[in-house]
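Have a look at the structure below before the remarks.
Derivation of every value follows stated rules applied to the coordinates shown; laboratory data play no part. No experiment lies behind these values; they were computed from the predicted model shown. Virtual Cβ from ideal backbone geometry, glycine too; neighbours counted across all protein chains shown.
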Protein chains: 2
Amino acid sequence: MYQIANLGQLKDLIQFLPEPDEETEVLARMRQGDLTKPPGSLGRLEELAIWLCAWQSRERPQLKKIQALVFAGNHGVTAQGVSAYPAEVTGQMVENFKTGGAAINQLCKVADAKLEVIALELDTPTQDFTLAPALEKSAFLKCFNAGLSAVDSNSDCLILGEMGIGNTTVAAAVCFGLFGGGPADWVGRGTGVDDAGLKLKTDVLQQGYDRHNAVLDDPLEVLRCLGGRELVAIAGAVLAARQARIPVILDGYISTAAAAPLEVMVPGALDHCVVGHCSSETGHHGLLERLNKQPLLDLNMRLGEGSGAAVAALILKAAVGVHNGMATFAQAGVSEKT
Amino acid sequence: MYQIANLGQLKDLIQFLPEPDEETEVLARMRQGDLTKPPGSLGRLEELAIWLCAWQSRERPQLKKIQALVFAGNHGVTAQGVSAYPAEVTGQMVENFKTGGAAINQLCKVADAKLEVIALELDTPTQDFTLAPALEKSAFLKCFNAGLSAVDSNSDCLILGEMGIGNTTVAAAVCFGLFGGGPADWVGRGTGVDDAGLKLKTDVLQQGYDRHNAVLDDPLEVLRCLGGRELVAIAGAVLAARQARIPVILDGYISTAAAAPLEVMVPGALDHCVVGHCSSETGHHGLLERLNKQPLLDLNMRLGEGSGAAVAALILKAAVGVHNGMATFAQAGVSEKT
């Protein structure tokens, strides 16, 4: 896919987003009404099928080719001690993804999704956002372009996930920067910090907010100054998927926070995305409310890696199965409602 | 599987239930702690995997052979006009199941489950419970035995569903009989009745409750007098699965109501069951609270047929995938929590 050369080009791109195919949506909705079940009785499975039809412009949606992209990055803010794990775990887990030992490997097998892991300069962590912008403009563009170019435009669906020790703090900082409130609304225990760690994360968030206060009215600047490489790449991938009208399944708190700046800039920019699950990480629930997104699953998961999105892909498969395979009342000779 | 000859034998059987394998459970829990993820970060996927290990007595659980049983029955109480669909739809839908056109056919394909549909004397509806016990004792035993014998004891997991025009009214009557409260706590719109229909269902429930008031302290009598053939068969299948230590996925309101009398008789009798989803049918939420069951999904579904349970089977598959396939910290060379 194309690359962008500067932030102005990016802002232009976001203003012209493809919309779902309304005609196919109407046909899909009619078909759901004809299938042998009381109207609406399959709930969100019906909505998901119609949503897939509209974005794929297919009367019979398909999920033959599911791409799963996991972006990994390291974060300068880990120097503040915000994570329960050492920063080298990011690279170790990337190796684990490559040898097939992580949760996302297994979940992609179950969902028959093709996993690609993209490590973004793990040896060069971002700047500590309490001291400086996390990313220079050139590094921001590089990561955004990495996301743009990673998307396979022939995919039927895209799963987005991430890995990065310290990135629940980063996601919380982005949310705090975008939506305000208090830092405590956005921080949680991540991979498992104690009470003191939680207090530290809250303080770190406030410091980041104060340092970058002057640019917080620009969502892309929030992402650049308080975000991280993997978050920026996810935002790029979300935009590339929209350009190709590929339905996206976002994962948990970090993936949703990464995509949020697009929706803040242009309401509706995430209409081609569903959120796979509600993370048990504090902050995700409030973020979903701000974005008016209802997650598909709530299984008390908080792993990241795209794990919740991969499980949610199974729900989409169920939706496609019933939409494409069920008989209509006329075909089955079943009496309709009296 | 064995058949029971009388209600006393049934009551004896319920008093001696196999328990999960505690040793395997401990080993499974230890393994979850060793896998390359923060402890607990896969939430309910971890719990489900451990639960499957314990009931299957396998350190690596499997879901190769999933049996889906859908029992169908007709209900005398439909003469009161409690459903939005005519009673002949039960038989028409059974035909639809047989020719593969229903939602449950497609969902079983997605979950790779083997579907069996068992129609229980559709030409002989139960008695209208406002006038007489729904089933004579002999008919009750026959249906219970049909459920007992339908379970394949070599299955790795059992999905239970039902079809029966009028059976949301029947399920509500069973719940009202078991748990009391008011009839309005238990009735909903079913396949889609209007406000007048809802009022009618409420009145019918109160009539049934009053007529059988003398036997409501016996959960099996509640099921016999207010239930229906497919509900009784589900209760039998739940008990057969327990005897064979097969994990069960219950579907929505009707399946859960069918199994509820066992739990009321012997607390813990449904420990081998998860509830696949929370139906949008009024009453299911309250029933789940009484049974202390947290459903796996909440997708605004209310179709029955085992549809929610079949979708939930996909979640179990995800749980098995991560439990069996992930690397441990030691295997992957990933640093543990600091």
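Entry note, chain A: the mean residue ellipticity at 222 nm calculated from DSSP H runs of n ≥ 4, each adding -39500 (n - 2.57), is -15000 deg cm²/dmol after division by the residues and rounding to the nearest 500.
Can you classify region A:64-317 as rounded, prolate or oblate using the Cα gyration tensor, where a ≥ b ≥ c are the square roots of its eigenvalues, rounded means a/c under 1.5, and otherwise it's prolate if a/b beats b/c and oblate if not? The shape class here is rounded.
Shown for residue B:182: label points 7 Å from Cα along the beta-carbon vector, and their distances to the equivalent points in the other copies, 4.0 nm in ascending order. When the C-alpha to C-alpha distance is required to be over 23 Å, the pairs from A:137/A:199; A:37/B:114; A:114/B:109; A:98/B:64 that qualify are A:137/A:199; A:98/B:64. Along its three principal directions, the equivalent ellipsoid of region B:1-110 from the Cα gyration tensor extends over semi-axes of 39, 24, 14 Å, largest first.
Compute the acute angle (0 to 90°) between the alpha-carbon long axis of helix B:229-243 and the principal axis of greatest extent of the alpha-carbon atoms of chain B; round to the nearest 10°. The angle comes out near 30 degrees.
Annotation: amide H of residue B:119 within the under-5 Å range of B:72, sequence separation 5 or more or interchain, hydrogens built in the peptide plane. I'd like to know which of B:76, B:105, B:90 lies farthest towards the positive end of the charge dipole of region B:64-115, counting +1 on Cβ of Lys and Arg and -1 on Cβ of Asp and Glu. Value: B:105.
The other copies place their residue B:65 label points at 3.9 nm from this one, listed shortest first, where each point is 7 Å from Cα along Cα→Cβ. Projecting label points 7 angstrom from Cα along Cα→Cβ for residue A:123 and residue B:266 puts them 6.4 nm apart. Charge dipole of region B:64-317 (Cα centre as origin; +1 on each Lys and Arg Cβ, -1 on each Asp and Glu Cβ, all else neutral): 580 debye, rounded to the nearest 20.
Farthest towards the positive end of the charge dipole of region B:236-338, among the residues B:296, B:331, B:247, is the Cα of B:331, using unit charges on the Cβ of Lys, Arg, Asp and Glu. Using a 10 angstrom cutoff on alpha carbons, build the Gaussian network for chain A and name the most mobile of A:190, A:182, A:321. Answer for the Gaussian network model of chain A: A:182. Local charge for residue B:92 was computed over the other residues whose Cβ lies under 12 Å away, with Lys and Arg +1 and Asp and Glu -1, and equals -2.
Shown here are the Rg and Dmax of the Cα trace of region A:171-313, at 14.3, 45 Å. Under 15 Å of direct C-alpha separation, and excluding same-chain neighbours fewer than eight residues apart, residue B:201 reaches these aspartates and glutamates: B:128, B:185, B:210, B:281. Take residue B:22, push a point 7 Å out from Cα through the beta-carbon direction, and compare it with the same point in every other copy: 6.5 nm, smallest first. Scanning residues 5 or more positions from residue B:248 or on other chains, those with amide H under 5 Å from its amide H are B:158, B:273, B:274, with H placed 1.01 Å from N in the peptide plane. Each Lys and Arg contributes +1 and each Asp and Glu -1, all at the Cβ; summed about the Cα centre of the protein assembly as shown, the dipole is approximately 860 debye. Across the options B:159, B:202, B:219, the greatest Cα extent toward the positive end of the charge dipole of region B:115-244 (unit charges at beta carbon of Lys, Arg, Asp, Glu) belongs to B:219.
Comparing B:280, B:138, B:83 in a Gaussian network model of chain B where C-alpha atoms under 10 Å apart are linked, the largest mean-square fluctuation is found at B:138. Residue and distance for the chain A Cβ closest to the axis that moves A onto B, in whole Å, come to A:314, 2. Peptide A:300-310 shows a mean partner chain C-beta count of 4 within 10 Å per residue C-beta. In terms of the mean number of neighbouring beta-carbon atoms within 10 Å, the peptides B:224-237, B:99-112 order highest first as B:224-237, B:99-112.
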